[in-house]
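Please read the structure below before turning to the comments.
The values are calculated or read from the model by the stated rules, or taken from the named source; none is laboratory data. In this text, all values refer to a predicted model and were calculated from it rather than measured experimentally. Please note: Cβ atoms are built from the backbone with ideal geometry, for glycine as well, and neighbour counts cover all protein chains shown. The accessibility values were calculated without ligands, DNA or RNA, using every heavy atom of the protein model including side chains. Shrake-Rupley method; radii C 1.70, N 1.55, O 1.52, S 1.80 Å.
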Amino acid sequence: MSSRAHLDHPKLGVLVSGSGTNLQALLDADLGAPIALVISNKKGAFALERAQKHGVKTCVLGHKDFESREHYDAAIVAALEAEGVTHVVLAGFMRIVTSVLLDAFPRRVLNIHPSLLPAFPGIDAQKQAFEARTLIAGCSVHLVDSGLDSGPILAQAAVPVCPGDDLDALRARILVEEHALLPWVVRLVITRGLVETPEGPALRSALPLPSRSLALWSVRTAEA
Ligand code: GRF
């Protein structure tokens, strides 16, 4: 199928490593395209059960079974392309991806990260923010590049760090926004695409924003 026709029939691939609560949010949402495949690098990931219960095809590709990150990503690309995947979402996927995956899905690999990037990249971002005693925390949805949580940011949700919060309370407050923000951005990317602007890629006119009680959302949009 030509790449244009391919993109006219969008399909999602989701990469996971753990509990899969962000995957669950995607499974429960109307994304404008089906989730064709869920790949985990961990065979025991509960995310796989979530996908199977939803009737979504799954596969496990253990990164330790491959001689390099590039070989691993090539296997991921092959599995995704075999299912006709056009867009990829990293939902709690704890691996750095390489240009092998990014070149196969240019500007079509998204990630959810539980901090207000560029602050607190990497693992345990919520703990980093909590220990830095920030007053505002949150999450980011961004396009993935070959760096560590460093690709162009498309949307963010900010939440307060409340007096008396412990780390679990903060994680939970951020996670609520992750589960709302990620499906909302994925649907916009699938149904309206991105606009390239001088400041970088932007969602196409994403307003109005959903009303949120305890959070502030902000998105990068442009009129094409
Ligand atoms: C989430 O906070 C996500 O942002 C981070 O891993 C956590 C667990 O994700 N990458 P999930 O429950 O596996 O979706």
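Determine, yes or no, whether Val38 is surrounded by fewer than 20 Cβ atoms within 10 Å (Cβ to Cβ) and not in a helix (DSSP H, G or I). Spell out the reasoning first.
Details: surrounded by fewer than 20 Cβ atoms within 10 Å (Cβ to Cβ): no; not in a helix (DSSP H, G or I): yes.
It is false that Val38 is surrounded by fewer than 20 Cβ atoms within 10 Å (Cβ to Cβ) and not in a helix (DSSP H, G or I).
Just to be sure I understand, how many residues within the range 72-124 are touching an Asp or Glu at 6+ places or on another chain (Cβ under 8 Å), closer than 11 Å to Asp149 by Cβ and hydrophobic (A, V, I, L, M, F, W, C)?
Looking only at that region, the number is 2.
Restricting to the range 79-99, name every residue that is more than 16 Å from the ligand (Cβ to nearest atom), over 19 Å from Ala36 (Cα atoms) and open to solvent by 50 Å² or more (accessible area, probe 1.4 Å). It would help to see each step written out before you state the result.
Going through the range 79-99, the residues more than 16 Å from the ligand (Cβ to nearest atom) turn out to be 79-87, 98-99.
Next, only the ones that are over 19 Å from Ala36 (Cα atoms) stay: 98-99.
Selection gives Ser99 alone.
Need the failing condition index for Gly55 against (1) assigned to a loop (DSSP other than H, G, I, E, B); (2) within 17 Å of the chain's Cα centre (by Cα); (3) away from the ligand (no atom under 16 Å from the Cβ), just the number.
The single condition Gly55 does not satisfy is (2).
Just to be sure I understand the filter: pairs with C-beta atoms under 9 Å, separated by 6 or more residues or on different chains, first member in the range 194-223 and in contact (Cβ under 8 Å) with a residue 24 or more places away in the chain and on the phi > 0 side of the Ramachandran plot, second member open to solvent by 20 Å² or more (accessible area, probe 1.4 Å) and of a type outside the set (Val, Ile, Thr). Which pairs pass?
Gly200/Pro152; Gly200/Arg220
When you scan the range 9-39, how many residues do you find that are within 10 Å of the ligand (Cβ to nearest atom) and either modelled with pLDDT under 95 or touching a helix residue (DSSP H, G or I) at 6+ places or on another chain (Cβ under 7 Å) (or both)? Steps first, answer last, please.
First pass over the range 9-39, keeping only residues within 10 Å of the ligand (Cβ to nearest atom): 14, 16-26.
Among the residues that remain, those that are also either modelled with pLDDT under 95 or touching a helix residue (DSSP H, G or I) at 6+ places or on another chain (Cβ under 7 Å) (or both) are: 14, 16, 18-26.
Final tally of qualifying residues: 11.
Might you let me know whether the range 178-185 holds any residue that is at negative phi and surrounded by fewer than 16 Cβ atoms within 10 Å (Cβ to Cβ)? Can you show your working first?
At the first step, the residues of the range 178-185 found to be at negative phi are 178-185.
Then keep just the ones that are surrounded by fewer than 16 Cβ atoms within 10 Å (Cβ to Cβ); that gives none.
Scanning the range 178-185, I find no residue that is at negative phi and surrounded by fewer than 16 Cβ atoms within 10 Å (Cβ to Cβ), so the answer is no.
Of everything in the range 194-224 that's of a type in the set (D, E, K, R) and closer than 27 Å to Val161 by Cβ, which residue is farthest from the chain's Cα centre (by Cα)? Don't jump to the end; show me each part of the working.
Just the residues of the range 194-224 that are of a type in the set (D, E, K, R), to begin with: 196, 199, 204, 212, 220, 223.
After this cut, where a residue has to be closer than 27 Å to Val161 by Cβ as well, the list is 212, 220.
Working: Arg212: 20, Arg220: 16 Å.
Among them, the one singled out is Arg212.
Quickly run through the range 111-144 and pick out the residues that are among the aliphatic types (A, V, I, L, M), open to solvent by 40 Å² or more (accessible area, probe 1.4 Å) and within 12 Å of the ligand (Cβ to nearest atom).
Residue satisfying the conditions is Ile123 alone.
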